[in-house]
1. Go through the stretch A:235-252 and give me each residue that's assigned to a helix (DSSP H, G or I) and surrounded by 20 or more Cβ atoms within 10 Å (Cβ to Cβ).
2. Looking at B:V116, B:V103, which is the one that is at pLDDT below 90, among the β-branched types (V, I, T) and not assigned by TED's automatic domain parsing to the domain that holds B:L183?
3. From the list A:V35, A:V59, A:V45, pick out the single residue that is on the phi < 0 side of the Ramachandran plot and touching a Phe, Trp or Tyr at 6+ places or on another chain (Cβ under 8 Å).
4. What number goes with the only condition from (1) crowded, with 18+ Cβ neighbours inside 10 Å; (2) more than 12 Å from the chain's Cα centre (by Cα); (3) among the hydrophobic types (A, V, I, L, M, F, W, C) that B:L166 does not pass?
5. Does A:Q200 count as without any contact (Cβ under 8 Å) to a residue 12 or more places away in the chain and within 14 Å of another protein chain (Cβ to nearest Cβ)?
6. Which residues, taken from the stretch B:140-166, are touching a helix residue (DSSP H, G or I) at 6+ places or on another chain (Cβ under 7 Å), part of a loop (DSSP other than H, G, I, E, B), within 14 Å of chain A (Cβ to nearest Cβ) and not aliphatic (A, V, I, L, M)?
7. Collect the residues in the stretch A:62-77 that are at pLDDT 80 or above and surrounded by 14 or more Cβ atoms within 10 Å (Cβ to Cβ), keeping them in residue-number order.
8. Can you tell me which of B:S55, B:S50, B:S105 is within 13 Å of chain A (Cβ to nearest Cβ) and closer than 26 Å to B:A208 by Cα?
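The values are calculated or read from the model by the stated rules, or taken from the named source; none is laboratory data. Note that the structure is predicted; figures quoted are calculated from it, not measured. Every residue, glycine as well, gets a Cβ built from its backbone with ideal geometry; the counts of neighbours run over all protein chains shown.
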Amino acid sequence: MRRGAAALWGTLGVLAVILLWEAYKFLGPAEGVVVGADGSTGSGVMILPRTNDRAMPHVWDMVARLFQSTSGGDTPPLIVPVVTAALTTLGIAAVGWLIGVLVGTLFGLMMQRWKLVEWGILPWIVVSQTVPLIAFAPVVNSLGLQIDRGGFPWPQWLSVAVISSYLAFFPVAVGVLRGLDAPDRIHEDLMRTYAAGYWQTLLHLRLPAAVPHLLPALRLAAANAVVGAVVAEVSIGMRGGIGRMLIQLAGQASSDPAAPWGPTFGTIALGLVAAGSVALLGLALKNYRRGEATA
Amino acid sequence: MSPATTTSAAAVRATGVGKVFPTKAGEVVALTGVELEVRAGEFVSLIGPSGCGKSTLLRLIADLDPASSGELSIFGKPAAQARVDQDYGIAFQQAGLLPWRTVASNIGLPLELHKVGRAERTARVAELAELVGLTEFVDRYPDQLSGGMQQRVAIARALASRPKLLLMDEPFGALDEMTREYLQSELTRIAAETEAAVVFVTHSIPEAVFLSDRVVVMSPRPGRITDVITTDFGHDRDDALRESPEYFERVTAVREALHGVKVERANER
């Protein structure tokens with residue numbers, strides 16, 4: 001029954017967003033509300049957005065646009081390139097997620113093993129997330145180009161994956177660190193009485209005990225990897241992915257206002273699929289989450 | 001684990017053992033001048049108010065903490081060596097089972113860590129499950145068991161590598177009285193069957209008297225041994241013992257030793 005209730009609340013949430021959008025579109029002024037305008041075009045500060053069809057297309061128009069031809073003529077309906085681009089980005093984000101999980105796990109393991117490493121690295125890991133992706137993406141891209149020119153093939157999507165892993169590794173590093181420190185004192189004592197070494201304790205105690213901390217971290221990493229991949233595509237101008245498509249259609253929004261919402265929905269679906277895949281991972285590991293229900 | 005060492009050497013021998021914990025407010029003496037010998041196969045309880053160092057002493061024997069002074073030998077070897085050699089099994093107040101492992105897999109954990117082959121492990125686990133009466137529950141997970149059953153799994157796990165010494169830190173402390181008495185009887189049977197020496201920490205006087213060959217009475221500030229009371233009940237301990245005059249006599253003796261004075265009895269007033 002709880003599953004049914006969850007689905008109901010989820011649907012209600014989506015309906016609420018649609019309702020809010022349409023209600024404001026219906027009630028709000030067509031040209032928005034601007035304060036401090038002196039009469040010249042573009043002056044003043046807009047405090048409420050415009051509600052005309054160009055700024056805020058109807059939700060049903062956005063959905064209908066998905067099934068209309070992409071750019072007139074014989075081109076396939078918009079949903080086809082949206083899905084293709086979304087899958088491309090999903091693949092890149094998955095690679096980014098994998099790199100991020102690998103690097104994050106490595107950092108987490110080292111920080112848990114040696115306190116000194118935690119003190120030395122953890123602040124830098126936190127600081128690393130304050131570097132704007134937009135500033136950092138071109139650096140990775142040009143490095144990739146140099147490696148490619150040096151004879152080692154480095155496709156552009158790999159740069160995007162690396163950039164997205166930069167966002168993905170952070171929750172994993174922190175989650176692994178917290179998770180590996182999660183076992184009870186009694187369990188650590190027990191492993192000591194068995195004269196178990198570091199690796200045995202890691203394998204039989206720390207990693208299994210870390211699973212409840214790890215799953216939310218992996219889910220965050222999946223969402224971050226998608227955001228990272230979309231932003232990276234845009235900032236280094238990679239073709240074929242959903243980020244690029246979003247920017248392209250947004251540029252044509254004045255003549256085709258419903259079109260950019262196609263890739264927007266695609267991005268949302270992408271995030272849901274990514275987070276959902278990790279939830280499946282959680283199902284597979286459900287025996288390792290047994291403590292959670294009772295505690 | 002050669003027979004020579006287990007028969008000739010005492011299970012535990014402590015000579016002038018002390019433990020000091022450094023704290024911000026200065027050093028805290030948790031234990032001082034502990035002299036104790038536990039013979040092979042003997043059941044010894046450590047009893048005393050909290051802070052008397054009984055759990056600390058157990059942790060020293062288990063080499064979970066190092067002793068600050070004195071000498072401690074387990075079957076004639078240093079505590080650290082005995083731990084590496086798996087000469088003892090241990091059980092704590094909480095069962096401490098790994099929640100993601102089944103009962104069988106929890107019991108077999110020490111064997112798995114010490115690379116015991118699968119076939120031998122399965123046989124040993126079945127034997128242990130039988131010993132603690134959990135044969136039908138081997139495929140359950142710890143969260144599907146009652147507290148008493150979890151504690152029985154912990155005892156089976158402690159016995160997995162056939163240790164000749166069992167260390168128990170208030171293993172029945174969190175259980176209800178009924179389960180507690182039942183597990184006490186079970187433990188005397190198991191200790192007799194396995195011929196293991198037991199060092200048993202408790203704060204329950206009846207429990208200590210019922211189980212032990214000797215009750216070691218401890219007192220706090222600083223933690224030390226103040227008295228040792230021998231029970232002489234032999235190996236056969238059943239519920240009849242709990243009703244016998246000898247039993248009450250020993251209970252009184254331990255209580256008096258704990259309080260440091262003769263306790264005035266209602267019928268002697």
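1. Narrowing the stretch A:235-252 to residues assigned to a helix (DSSP H, G or I): A:235-236, A:242-251.
Answer for the stretch A:235-252, where residues must be assigned to a helix (DSSP H, G or I) and surrounded by 20 or more Cβ atoms within 10 Å (Cβ to Cβ): A:S235, A:I236, A:I242, A:G243, A:R244, A:M245, A:L246, A:L249.
2. Working: B:V103 fails: at pLDDT below 90.
After ruling out the rest, the residue left standing is B:V116.
3. None of the others qualify; the one that does is A:V59.
4. Every listed condition holds for B:L166 apart from (2).
5. Numbers: without any contact (Cβ under 8 Å) to a residue 12 or more places away in the chain: yes; within 14 Å of another protein chain (Cβ to nearest Cβ): yes.
In short, yes.
6. B:R140, B:Y141, B:S161
7. First, the residues of the stretch A:62-77 that are at pLDDT 80 or above: A:62-69, A:75-77.
A:M62, A:V63, A:R65, A:L66, A:Q68, A:P77 - these are the residues of the stretch A:62-77 that are at pLDDT 80 or above and surrounded by 14 or more Cβ atoms within 10 Å (Cβ to Cβ).
8. Numbers: B:S50 fails: within 13 Å of chain A (Cβ to nearest Cβ); B:S105 fails: closer than 26 Å to B:A208 by Cα.
So the residue among B:S55, B:S50, B:S105 that is within 13 Å of chain A (Cβ to nearest Cβ) and closer than 26 Å to B:A208 by Cα is B:S55.
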